[in-house]
Amino acid sequence: MRYVEEFRDPIAAKAVLSAIETLVEEIGATAENPVHIMEICGGHTHAIFRYGLDRLTPKGIEFIHGPGCPVCVLPMSRIDECVEIAERPEVIFCTFGDAMRVPGTQKSLLQAKADGADIRMVYSPLDALEIARRNPEREVVFFGLGFETTTPSTALSIQQAARESLSNFSVFCNHITVPPPIKALLDDPHMVLDGFVGPGHVSMVIGTHPYDFIAETYGKPIVVAGFEPLDLLQSVLMVLRQIRDRRAEVENQYARVVPEHGNPVSLAAIADVYEPRPTFEWRGLGEIDASGLRIRGKYAAFDAEEKFAVGYGAGPRIVAEPEGCACGQVMTGRIKPTGCPQYGTGCTPEMPLGALMVSSEGACAAYYQYGATDDTLEAAE
Ligand code: SF4
């Protein structure tokens, strides 16, 4: 564990926190007039609360929790389509566990499983491929979900299925990409964003250049960050330095893992298997141009949307969020999770109303798990 411990060293953390405090003072940021830093990735949101960084950093910094939790931004209409596919008697539906409890309009996949659908949790699309090989009389559908981090493994499974002519395997593709929603948020006149902590895992695949537009077009600093407390503190320090110096650059704090130009093997697999959809719906954010991926025509035999006539091929289905759900406002930084009237009462990790309470990377779940429940209790009293 030595390697990890170095990034959790409390003495080093105190030194970085002291440098952050000095910079916040130099910038003139205060609790009333804070610097707004968005951590794009749900893994960073989770780490910020897990290590108490929101409380350790000065009040002059406000973290805005971005849309980088793929389970959280999946719209209800797509969960409904998952259930529709999964409830077919010939289908074995394979999914990652964290998607099981995301609410649809009628039911979640967990509820569909309880009602008799053959839904199986897997750790990799390769597990779904193996299930397809062992069950040639059944249709095996993998729920392809996630940002550029998981997109390559789904692509590789489709390529492998094509090599094996595995005709009973398909993917319900819900893969999405990080840069378009950042652009949508920057174009939103109501958003106040002074800088970004960029996603570490996604950037391992795509590199740092897809973020160039943030600095060059919008004049905002972004620092790609790792996931340990010192990674995050150092990244915040780097963002603050850019703000103080009136610079806007793409910097890479996570250079020990993130190559400037990404992973060429993964990028090649992505380019071979997918193409951008004209538009894709994000829970709480609405339709965002070119933000989703669909399976290219040459792999149509492995596209569950084609096979089962669901999804965008059957026409877009925009479904309203449940009444009282404020996920959209939380995801755009307009309110904190504790500002949602459902937080901790009508919406808990055990009984989530909104998607941000389902995944451990969701902002509401992170608040709830790591101590923001006191606010809720006070509010409820
Ligand atoms: S508390 Fe629940 S309903 Fe409210 S914003 Fe969070 S996830 Fe959505």
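The values are calculated or read from the model by the stated rules, or taken from the named source; none is laboratory data. Please read all numbers here as calculations on a predicted model, not as lab measurements. Glycine gets a Cβ as well: all are built from the backbone with ideal geometry, and neighbour counts include every protein chain shown.
Run down 12, 29, 19 and say which single residue is at pLDDT 95 or above, farther than 15 Å from residue 238 by Cα and surrounded by 14 or more Cβ atoms within 10 Å (Cβ to Cβ).
On the way: 12 fails: at pLDDT 95 or above; 19 fails: farther than 15 Å from residue 238 by Cα.
Going through 12, 29, 19 in turn, just one is at pLDDT 95 or above, farther than 15 Å from residue 238 by Cα and surrounded by 14 or more Cβ atoms within 10 Å (Cβ to Cβ): 29.
Which residue pairs have Cβ atoms under 9 Å apart, sit 6 or more places apart or on different chains, and have a first residue in segment 329-355 that is within 21 Å of residue 184 (Cα to Cα) and without any contact (Cβ under 8 Å) to a residue 24 or more places away in the chain and a second that is near the ligand (Cβ under 7 Å from one of its atoms) and in a loop (DSSP other than H, G, I, E, B)?
Correct list of pairs: 335/326.
All but one of (1) touching a Gly at 6+ places or on another chain (Cβ under 6 Å); (2) charged (D, E, K, R); (3) exposed (fewer than 15 other Cβ atoms within 10 Å of the Cβ) hold for residue 59, so report the exception by its number.
All conditions are met except number (1).
Pick out the one residue from 178, 141, 102, 171 that is touching a residue at least 60 places away in the same chain (Cβ under 8 Å) and in contact with a Leu (Cβ under 8 Å, 6 or more places away or on another chain).
None of the others qualify; the one that does is 102.
Being within 17 Å of the chain's Cα centre (by Cα) and either β-branched (Val, Ile, Thr) or outside the structural domain of residue 261 (by TED's automatic domain parsing) (or both) is true for just one of 197, 192, 223. Which residue is that? Full working, then the answer.
Working: 192 fails: within 17 Å of the chain's Cα centre (by Cα); 223 fails: within 17 Å of the chain's Cα centre (by Cα).
Answer to the selection: 197.
Report whether or not residue 133 is assigned to a helix (DSSP H, G or I), basic (Lys, Arg), in the same structural domain as residue 299 (by TED's automatic domain parsing) and in contact with a helix residue (DSSP H, G or I) (Cβ under 9 Å, 6 or more places away or on another chain).
Details: assigned to a helix (DSSP H, G or I): yes; basic (Lys, Arg): yes; in the same structural domain as residue 299 (by TED's automatic domain parsing): yes; in contact with a helix residue (DSSP H, G or I) (Cβ under 9 Å, 6 or more places away or on another chain): yes.
Yes; evaluated as a whole, the condition is true for this residue.
Checking the structure you have, find out if any residue of segment 287-306 is crowded, with 20+ Cβ neighbours inside 10 Å, within 16 Å of the ligand (Cβ to nearest atom) and closer than 25 Å to residue 225 by Cβ.
There is no residue in segment 287-306 that is crowded, with 20+ Cβ neighbours inside 10 Å, within 16 Å of the ligand (Cβ to nearest atom) and closer than 25 Å to residue 225 by Cβ.
Here are some residues: 265, 224. Which one is over 21 Å from residue 172 (Cβ atoms) and touching a strand residue (DSSP E or B) at 6+ places or on another chain (Cβ under 6 Å)? Please lay out each step first, then the result.
Details: 265 fails: touching a strand residue (DSSP E or B) at 6+ places or on another chain (Cβ under 6 Å).
Checking each option against the conditions leaves just 224.
Determine if segment 94-117 includes at least one residue that is in contact with a Phe, Trp or Tyr (Cβ under 8 Å, 6 or more places away or on another chain), basic (Lys, Arg) and not in a strand (DSSP E or B).
no
Look through 341, 352, 316 and report the one residue that is assigned to a loop (DSSP other than H, G, I, E, B), outside the structural domain of residue 370 (by TED's automatic domain parsing) and either at pLDDT 85 or above or under 23 Å from residue 182 (Cα atoms) (or both). Spell out the reasoning first.
Numbers: 341 fails: outside the structural domain of residue 370 (by TED's automatic domain parsing); 352 fails: outside the structural domain of residue 370 (by TED's automatic domain parsing).
The unique qualifying residue is 316.
Being closer than 19 Å to residue 70 by Cβ, within 10 Å of the ligand (Cβ to nearest atom) and out of contact with any strand residue (DSSP E or B) (no Cβ under 7 Å at 6 or more places or on another chain) narrows it down to one of 337, 322, 352, so name that one.
On the way: 337 fails: out of contact with any strand residue (DSSP E or B) (no Cβ under 7 Å at 6 or more places or on another chain); 322 fails: closer than 19 Å to residue 70 by Cβ.
Among 337, 322, 352, only 352 is closer than 19 Å to residue 70 by Cβ, within 10 Å of the ligand (Cβ to nearest atom) and out of contact with any strand residue (DSSP E or B) (no Cβ under 7 Å at 6 or more places or on another chain).
Where in segment 216-308 are there strands (runs of 3 or more DSSP E), lying wholly inside it, with at least 3 residues that are at pLDDT 95 or above? Break it down into steps so the answer makes sense when it comes.
Details: elements: 222-224, 250-252, 274-276, 279-282, 286-289, 293-295.
Result: 222-224, 250-252, 274-276, 293-295.
Of the residues 66, 28, 52, which single one is on the phi > 0 side of the Ramachandran plot and in contact with a Pro (Cβ under 9 Å, 6 or more places away or on another chain)?
Numbers: 66 fails: on the phi > 0 side of the Ramachandran plot; 28 fails: in contact with a Pro (Cβ under 9 Å, 6 or more places away or on another chain).
Just a single option satisfies the conditions, and that option is 52.
Mind checking which residues of segment 325-334 are of a type in the set (A, V, I, L, M) and near the ligand (Cβ under 8 Å from one of its atoms)? Quick ask: steps written out before the conclusion?
Let us first name the residues in segment 325-334 that are of a type in the set (A, V, I, L, M), namely 326, 330-331.
Within segment 325-334, 326, 330 qualify.
Quick check, is residue 46 in contact (Cβ under 8 Å) with a residue 12 or more places away in the chain, within 23 Å of residue 6 (Cβ to Cβ), under 13 Å from the mean Cα position of the chain (by Cα) and within 16 Å of the ligand (Cβ to nearest atom)? So that I can check it myself, show each step before the final result.
On the way: in contact (Cβ under 8 Å) with a residue 12 or more places away in the chain: yes; within 23 Å of residue 6 (Cβ to Cβ): yes; under 13 Å from the mean Cα position of the chain (by Cα): yes; within 16 Å of the ligand (Cβ to nearest atom): yes.
Yes: the conditions hold for residue 46.
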